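Each remark here refers to the structure printed beneath this line.
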Amino acid sequence: MYELANHGVPFERRDHTHFALGLEGGHSRRRIVHVGDATGLAVTQNLIARARAERNIKIWECVQAVDLIRAGQQVIGALVRSDDGSWQRVYARAVILASGGAGALYGLTSNQLTALGEGIAIAYRAGAALADMEFVQFHPTVYRTKAGQGFLITEAARGEGGILRTIDGERFMPDYDPRAELAPRDIVTRGIYAALRRSAGDHVLLDLTHLPAEVIESHFPTICARLREDGIDPRYDPIPVAPASHYLMGGIRTDLDGATNLPGLFAAGEVTCTGVHGANRLASNSLLECLVFGRRAGFAAVQHAHYAAALHLHSDDEFGFAAVAASGPARSSDWRNRLAAIMVASAGPLRDGPRLQAGLAQLAAWPVQAAPDDPDGITAANAALTAQVIMHAALLRTESRGGHFRSDFPQSMDTWRLHTILQHNQPVGYISTIAEPHVLAHAAD
């Protein structure tokens with residue numbers, strides 16, 4: 001048995017050749033799996049079924065990853081907490097982070113409500129380099145369900161001829177951009193924000209009612225079915241929509257094989273920044289990041305684990321531990337809503353220096369520690385850390401590019417054709433290419 005950060009919390013040690021950390025479910029519940037993070041219900045279901053069928057894969061339900069374990073710069077495992085309150089050190093020769101993005105930091109999102117960037121915070125505390133954290137994509141047309149969750153209304157609805165109107169029925173996009181409703185996501189999002197400022201509302205209307213009813217029904221059956229559950233029939237009723245966080249182009253910097261700057265640590269999926277999305281992801285490119293780089297990261301981690309030297313385990317293995325303390329400070333139960341309000345106001349689709357600085361000042365007073373028996377507090381600390389990194393990166397980039405738009409620097413600048421690199425307790429870095437071959441790849445010991 002071991003003790004957590006000298007605070008008297010016992011936990012066990014587990015040894016594995018390699019394992020992966022993935023976040024799944026609600027209320028800070030975690031699943032640790034080998035298959036990584038994937039988008040699409042069918043892909044996810046098949047991967048989980050395949051993992052369950054493999055006898056050499058052990059899946060742990062309801063486990064929260066808290067920190068990575070290091071020996072020097074080498075990542076040799078993770079500290080995890082089960083929902084029964086027990087703690088364990090899990091040692092491994094290779095670790096893959098596949099914990100998804102950070103859309104839920106903004107409240108209304110197309111993501112799962114658990115997408116709070118916790119894996120990014122865990123990696124950052126351990127010393128992993130983060131890239132392009134300022135680039136957050138907002139989808140312009142998300143419906144807020146009666147339960148308060150975001151339901152994405154595909155842009156194919158606008159491609160089919162859907163019209164965006166204010167709540168008073170006024171069409172506004174042609175006055176904002178000549179491409180009107182068919183402009184890129186970030187431009188449509190800003191057009192909606194401009195309309196909302198004029199109307200002082202919290203949503204606009206996506207109107208499909210002028211289209212043939214059979215077209216709406218046949219082309220968008222899932223949307224029709226879901227909206228009808230809330231009493232809206234898109235054949236006859238305009239759909240209330242608003243911009244919502246959708247995808248994080250930034251994340252943990254990796255090479256083309258998912259290797260990070262920390263030997264033994266790999267990452268795949270939206271938690272990473274491979275550079276393939278640039279500043280504004282194209283639709284469906286998330287599958288590239290999950291499936292292509294997920295596969296490459298898996299093979300690279302196995303190879304690293306095979307050739308890596310035997311782990312040298314010591315009682316003084318290093319942890320981040322910024323999120324864990326003997327006792328946590330007071331924290332309001334509605335911290336998610338408070339954090340979302342800060343993020344939308346300061347680091348939403350429209351940003352400027354004063355608002356970003358105000359947001360950072362608010363987050364500076366945010367609790368950064370929680371008691372070991374407070375998993376929600378650990379989640380809150382991790383979420384706030386990722387939020388701070390997003391704001392810091394957005395404040396550094398004094399231009400507008402892709403998903404990052406600053407009203408005080410509305411133009412793109414050639415001098416900013418660079419990626420922003422942030423590391424804990426290290427100077428800010430700027431590089432021209434994220435995944436240069438053989439720069440990050442882990443050499444066999």
Legend entry - Qualifying positions in region 162-179 - surrounded by fewer than 18 Cβ atoms within 10 Å (Cβ to Cβ) and not hydroxyl-bearing (Ser, Thr, Tyr): 165, 167, 168, 169, 170, 171, 174, 175, 177, 178, 179
Legend entry - Top-ranked residue of region 387-396 - restricted to ones that are in contact with a helix residue (DSSP H, G or I) (Cβ under 8 Å, 6 or more places away or on another chain) and surrounded by fewer than 24 Cβ atoms within 10 Å (Cβ to Cβ), ranked as farthest from residue 334 (Cα to Cα): 395
Inset, instruction - Determine the pairs where a residue that is closer than 15 Å to residue 269 by Cα, located within region 40-56, has a partner that is surrounded by 12 or more Cβ atoms within 10 Å (Cβ to Cβ) with Cβ atoms under 7 Å apart, the partner being 6 or more residues away or on another chain. - result: 44/38; 47/35; 47/38
Inset, instruction - Go through 383, 345, 365 for me and flag whichever is buried (at least 18 other Cβ atoms within 10 Å of the Cβ) and assigned by TED's automatic domain parsing to the domain that holds residue 298. - result: 383
Inset, instruction - Hey, can you tell me all the residues within region 91-114 that are within 10 Å of residue 271 (Cα to Cα) and part of a loop (DSSP other than H, G, I, E, B)? - result: 98, 99, 100, 101, 102
Inset, instruction - Tell me which residues, restricted to region 129-161, are among the β-branched types (Val, Ile, Thr) and either out of contact with any helix residue (DSSP H, G or I) (no Cβ under 9 Å at 6 or more places or on another chain) or assigned to a helix (DSSP H, G or I) (or both). - result: 142
Inset, instruction - Could you give me the residue pairs with C-beta distances under 8 Å whose first residue belongs to region 93-116 and is charged (D, E, K, R), whose second residue is part of a loop (DSSP other than H, G, I, E, B) wherever it lies, and which are 6+ apart or on separate chains? - result: 93/264; 93/308; 93/311
Inset, instruction - Would you mention how many residues in region 322-363 are modelled with pLDDT under 95, small (Gly, Ala, Ser) and over 21 Å from the mean Cα position of the chain (by Cα)? - result: 7
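The values are calculated or read from the model by the stated rules, or taken from the named source; none is laboratory data. As the structure is a computational prediction, the values presented were derived from the model and not from experiment. Cβ sites come from the backbone with ideal geometry, for glycine too, and all protein chains shown count toward neighbours.
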